[in-house]
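Chemist: One structure is given below, represented as structure tokens, and several questions about it will come after.
The values are calculated or read from the model by the stated rules, or taken from the named source; none is laboratory data. Predicted model only: the values in this text are computed from it and were never measured. Here Cβ is always computed from backbone atoms with ideal geometry, including for glycine, and neighbour counts include all displayed protein chains.
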Amino acid sequence: MGDGASGSPDGSGEPKSGPTETAPAAEPDWSKLIGAAPRPEAVAAAQTFHKAWGSASKPVCVKCSDGIYRVLKAKIDDKDSGRGCFNDQVIARLAQKLGAPVPPPSIVILPKVLVDAEPNLKHMPPGPCHASEFRDHHSDRMGVANTGLKENRPRFASLAVLYGWMHASDHQVIYPNDPPPLVLSVDHGHFIGNGSPAWTPEMITARPYASADQTIVTGASLTQEELVEACKPLATITAEEIAEAVGAPPEEWGVSTEHRVALAKYLWKRRTELLTSYAAAPAASAANKKATGE
């Protein structure tokens, strides 16, 4: 690891216990913001089965009514699968705002007629599914690699910020089979929790000060300057955008308003912590002033 990329402004190797350069932004009214956030419509319906994977979440790839192949996950039991779909959807939506290399997410309807007709879908309940665009001709999951490729430097830095913001578990990155091997991050259902999709407000509230993900920072030998640059888009993400992301997943996935509010508070706090470590926290934007009632 070079140039003190340690998660602390002074490069000491230890994250600070709290913001030192700027005071935290005023806490928005998350219940109000989440309640007012637009709920995304399903972009398409699944039409034909393409392939399946045997991992814990049992995802499948389907061709959708808009012609795009997507990987679908659904609430397949009463345990963690609904929370995993929720985590995946929220993280992928915020990854787009951050500019991190994560496939675009959406919500896709799985029709009952397709479930009834296709044996490989019998474990999937009809209804709204978490969906991410399928990337064909890519590797299976790998570790941090191809770090010397110039185009991958900002991609890894952005993932280090995203993973640190969320609290990453079960890192999964893939690369195209054909050059250039640009890193892509997939399958974030086990993020936020402690090694599983499940998390509680008490768990995330007690979590230590945020820093960039050290698995990626160390593996890619990221510098402080690269992390500062990667944090710049984080400074532009507003309270409204966080509220839209945590409000987007359907109620069918089983995450209460109380837990959505707790997650929004967690993400807002860790945003401030990361900006303090890797960049000066910005002056409140007009959108953030509106959110906090200033």
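Chemist: What number of residues in the range 152-182 are assigned to a loop (DSSP other than H, G, I, E, B) and farther than 26 Å from residue 263 by Cβ? Quick ask: steps written out before the conclusion?
Modeler: Start the filter on the range 152-182 by keeping residues that are assigned to a loop (DSSP other than H, G, I, E, B), which leaves 167-172, 175, 177-182.
In the following step, the residues that additionally are farther than 26 Å from residue 263 by Cβ were identified as 175, 177-182.
Number satisfying all stated conditions: 7.
Chemist: Could I ask something else about it? Kindly establish whether residue 95 is among the aliphatic types (A, V, I, L, M), in a helix (DSSP H, G or I), over 27 Å from residue 78 (Cβ atoms) and within 18 Å of the chain's Cα centre (by Cα).
Modeler: On the way: among the aliphatic types (A, V, I, L, M): yes; in a helix (DSSP H, G or I): yes; over 27 Å from residue 78 (Cβ atoms): yes; within 18 Å of the chain's Cα centre (by Cα): yes.
In short, yes.
Chemist: Condition first: of a type outside the set (Lys, Arg) and assigned to a helix (DSSP H, G or I). Now tell me which residues in the range 32-75 satisfy that. If you could, list the steps in order and put the result at the bottom.
Modeler: Quick first cut of the range 32-75, residues of a type outside the set (Lys, Arg) only: 33-38, 40-50, 52-57, 59-62, 64-69, 71-72, 74.
Selection gives 33, 34, 35, 36.
Chemist: If a residue must be free of Cβ contacts under 8 Å to residues at least 40 places away in the same chain and in a helix (DSSP H, G or I), how many such residues does the range 199-211 contain?
Modeler: The qualifying residues number 2.
Chemist: Can you name the condition, by its number, that residue 196 falls short on among (1) modelled with pLDDT of 95 or more; (2) part of a loop (DSSP other than H, G, I, E, B)?
Modeler: Result: residue 196 fails condition (1) only.
Chemist: Do the conditions hold for residue 55, that is, is it more than 30 Å from residue 153 (Cα to Cα) and either within 19 Å of the chain's Cα centre (by Cα) or modelled with pLDDT under 95 (or both)? It would help to see each step written out before you state the result.
Modeler: Values: more than 30 Å from residue 153 (Cα to Cα): no; either within 19 Å of the chain's Cα centre (by Cα) or modelled with pLDDT under 95 (or both): yes.
In short, no.
Chemist: Of the residues that make up the range 202-211, is at least one buried (at least 18 other Cβ atoms within 10 Å of the Cβ) and closer than 20 Å to residue 223 by Cβ? Before the answer, list the steps.
Modeler: Our first condition is that a residue be buried (at least 18 other Cβ atoms within 10 Å of the Cβ); within the range 202-211, this holds for 204, 209-211.
Pick out the ones that are also closer than 20 Å to residue 223 by Cβ and you get 210-211.
Within the range 202-211 (the criterion being buried (at least 18 other Cβ atoms within 10 Å of the Cβ) and closer than 20 Å to residue 223 by Cβ), the answer is yes, since at least one residue qualifies.
Chemist: Here is a list: 102, 108, 115. Which entry is surrounded by 13 or more Cβ atoms within 10 Å (Cβ to Cβ), free of Cβ contacts under 8 Å to residues at least 40 places away in the same chain and either more than 22 Å from the chain's Cα centre (by Cα) or not in a helix (DSSP H, G or I) (or both)?
Modeler: Details: 102 fails: free of Cβ contacts under 8 Å to residues at least 40 places away in the same chain; 108 fails: free of Cβ contacts under 8 Å to residues at least 40 places away in the same chain.
Checking each option against the conditions leaves just 115.
Chemist: Take the residues in the range 70-95 that are over 16 Å from residue 172 (Cα atoms) and of a type in the set (A, V, I, L, M); name whichever of them is surrounded by the fewest Cβ atoms within 10 Å (Cβ to Cβ).
Modeler: Only one residue fits best here, namely 76.
Chemist: When the residues of the range 120-151 are filtered to those that are part of a loop (DSSP other than H, G, I, E, B) and of a type in the set (A, V, I, L, M), which remaining residue is nearest to residue 85 (Cα to Cα)?
Modeler: Taking the candidates together, the pick is 124.
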